[in-house]
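Report on the following structure.
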Amino acid sequence: MKDQLNRTIQINATPKRIVSLVPSQTELLYDMGLESFILGITKFCVHPVHFRKEKKIVGGTKDVHFDRIKELKPDIILCNKEENTKEMILELERIAPVHISDIYTIENCLELIEMYGNLFAKEETASQIISEITSKYDDFKNFISNTSELKTAYFIWKNPWMVAASDNFINTMLQLNNFKNYFGELTRYPEIELSEVKNETADLVLLSSEPFPFSEKHMDEVGTYFPNAKVLVVDGEMFSWYGTRLLKAFHYFKSLHQGPLKEFFSNSR
């Protein structure tokens, strides 16, 4: 079979021993009924909660303990082009076959779920998940169709300040919400100087709860540089996790538009 980088993966039988190095993919595997096959995860694989006590923690997404992974004797290691480094993957391929995901769009997410269904003999489960996500996705697109576009800055880190720009999955989720990326002319996750945007205008500033744990105490600090914008702390998992997290994300997005953003729209009209 092939992964999302179109690399051929040599698999002789359905993998029964899995190491997952991507948090959102670990959650997806659990929801596909593969809990007993998951042996190793990263310290950032926080869903489901009990995995951190029951599964072997092999490191982070950028830095793993190869000896721990080797001890698990995996049949397959699941990675992601963005989350895991090329150097890591080259070393991991010496241990077991490596499947790499590459996610930019909702369609990429659905493709990955189908791939996992085929890879782990969970085709029916994968089909059900895809159907449910597609239904919620279509419903949200209809819901959002009459909302105004908001020029939006999405912060992911502090010291240095970093934002989600174009060419990533977060940007796709912003666009889906009719949030025009304030930093859309930049790419990936650039560092920015807040002092350089002080006199610029934005409608909305979103502070992600991950990877940096932004909270309400940071709202005033950022808001100083965007005096005309509404500043919100948002659940970063809903904007950056794919897989079955999408089953919750569209409802969360609706709650934003019907809650704090509804008030914003009414005040700006």
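The values are calculated or read from the model by the stated rules, or taken from the named source; none is laboratory data. Keep in mind it's a predicted model, so treat the numbers as computed, not measured. Backbone-built Cβ (ideal geometry, glycine too); neighbour counts: all protein chains shown.
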Q | Residue ID - nearest to Glu132 (Cα to Cα), chosen from residues in region 17-53 that are crowded, with 23+ Cβ neighbours inside 10 Å and of a type in the set (A, V, I, L, M, F, W, C) | A | Leu28
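Return the residue satisfying two criteria in turn: it lies in region 114-129 and is buried (at least 18 other Cβ atoms within 10 Å of the Cβ) and touching a helix residue (DSSP H, G or I) at 6+ places or on another chain (Cβ under 8 Å), and of such residues it is farthest from Ile76 (Cα to Cα). Before the answer, list the steps.
Step one: list which residues in region 114-129 are buried (at least 18 other Cβ atoms within 10 Å of the Cβ), which gives 115-117, 119-120, 122, 126, 129.
Add one more test, that the residue is touching a helix residue (DSSP H, G or I) at 6+ places or on another chain (Cβ under 8 Å), and what stays is 116-117, 120, 122, 126, 129.
Details: Tyr116: 12, Gly117: 14, Phe120: 10, Lys122: 16, Ala126: 19, Ile129: 22 Å.
Checking each candidate, the answer is Ile129.
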Q. If a residue has to be touching a residue at least 12 places away in the same chain (Cβ under 8 Å), part of a helix (DSSP H, G or I) and either outside the structural domain of Asp235 (by TED's automatic domain parsing) or closer than 18 Å to Ile106 by Cβ (or both) to count, how many in region 171-205 make the cut?
A. 5
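Checking the conditions here, which among Asp75, Asp138 is under 20 Å from the mean Cα position of the chain (by Cα) and modelled with pLDDT of 95 or more? Quick ask: steps written out before the conclusion?
Working: Asp75 fails: under 20 Å from the mean Cα position of the chain (by Cα).
Result of the check over Asp75, Asp138: Asp138.
Residue under question is Pro211, and the condition is that it be within 19 Å of the chain's Cα centre (by Cα) and either in the same structural domain as Tyr116 (by TED's automatic domain parsing) or at pLDDT below 95 (or both); does it hold?
Working: within 19 Å of the chain's Cα centre (by Cα): yes; either in the same structural domain as Tyr116 (by TED's automatic domain parsing) or at pLDDT below 95 (or both): yes.
For Pro211, the condition - within 19 Å of the chain's Cα centre (by Cα) and either in the same structural domain as Tyr116 (by TED's automatic domain parsing) or at pLDDT below 95 (or both) - is met.
From Asn118, Asn12, which residue is without any contact (Cβ under 8 Å) to a residue 24 or more places away in the chain and either out of contact with any strand residue (DSSP E or B) (no Cβ under 6 Å at 6 or more places or on another chain) or of a type outside the set (Phe, Trp, Tyr) (or both)?
On the way: Asn118 fails: without any contact (Cβ under 8 Å) to a residue 24 or more places away in the chain.
Just one listed residue meets the conditions, Asn12.
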Q.
Within region 160-178, does at least one residue satisfy the condition of being closer than 30 Å to Thr224 by Cβ, loosely packed, with under 15 Cβ neighbours inside 10 Å and polar (S, T, N, Q)?
A. no
